[in-house]
Amino acid sequence: LLSQARYYAGSTLWGASRYEESLRLLETARDGFASDGQESWVGRAEGAIGLVHFSEARFLRALRAFDAALARLDSSVDPGPVASIEQNRAGILMNLGRQTEARAAFGAALELALRHGLTTSATSIRVNLLNLGLDERAYEEVRSRGEKVVAPRDRDGLAVDGYYARLALAEAQAALGNYGAVHKLLEALRRDAPPEVRDDPDATVLLARLD
């Protein structure tokens, strides 16, 4: 119980961006779970440790933690955490320029999410795949997939995902020279931006560039 308390406290501190304290508690919790032979809890702790490292751009350490988590978690028992870890792992691989591995990791995460009906996770993964396509300069693929991603997101109330899907679609349309489509997307992005992302500096820079 003490290790679980440390795990939850460490996760809460991560959410508050108190990374050093979070890491200390999570590593202590992980070691406690390991001493008690609780492998699945070790996996959850490693996943949380990976998030701390990811948040501080320590990508290789985060990747090692995520790999350790996946080695201990059973996707049939913990499909949500495994899909989330696979997705975060793929994000790290993107940051490291390892796009082929990133696409495989996103694919594994998407397959798992769809198999277990994890709609929100599947949507987030699809949006990340659009961004990966932009990195790969696969603009026609992003255009085709992006148009299929946007409409259901609005219908299902996933406004933040819909926003980032439109942003990726606008970038692809600009690269393809479809400026009329870009104009319509920019209008929708500015009109319908959810409060959570209205002040996102990366999105603001990209919108300015697309203008």
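Is it true that some residue in region 148-168 is open to solvent by less than 70 Å² (accessible area, probe 1.4 Å), among the β-branched types (Val, Ile, Thr) and over 22 Å from residue 190 (Cβ atoms)? The answer is no, given that none of the residues of region 148-168 is open to solvent by less than 70 Å² (accessible area, probe 1.4 Å), among the β-branched types (Val, Ile, Thr) and over 22 Å from residue 190 (Cβ atoms).
Listed residues 145, 137, 89, 72; which is over 30 Å from residue 39 (Cα atoms), charged (D, E, K, R) and crowded, with 17+ Cβ neighbours inside 10 Å?
Details: 137 fails: crowded, with 17+ Cβ neighbours inside 10 Å; 89 fails: over 30 Å from residue 39 (Cα atoms); 72 fails: over 30 Å from residue 39 (Cα atoms).
That would be 145, the only listed residue that is over 30 Å from residue 39 (Cα atoms), charged (D, E, K, R) and crowded, with 17+ Cβ neighbours inside 10 Å.
Here region 1-32 is the region considered, the condition is being within 21 Å of residue 83 (Cβ to Cβ) and hydrophobic (A, V, I, L, M, F, W, C), and the residue that is least open to solvent (accessible area, probe 1.4 Å) is 26. When region 116-134 is filtered for residues that are out of contact with any Leu (no Cβ under 8 Å at 6 or more places or on another chain) and either surrounded by 15 or more Cβ atoms within 10 Å (Cβ to Cβ) or at pLDDT 95 or above (or both), the ones remaining, listed by number, are 116, 121, 124, 127, 128, 131, 132, 133, 134.
The values are calculated or read from the model by the stated rules, or taken from the named source; none is laboratory data. Just so it is clear, the model here is predicted, and its values are computed rather than measured. Neighbour counts are summed over all protein chains in view; Cβ atoms, including those assigned to glycine, are modelled from backbone coordinates with ideal geometry. The accessibility values were calculated without ligands, DNA or RNA, using every heavy atom of the protein model including side chains. Shrake-Rupley method; radii C 1.70, N 1.55, O 1.52, S 1.80 Å.
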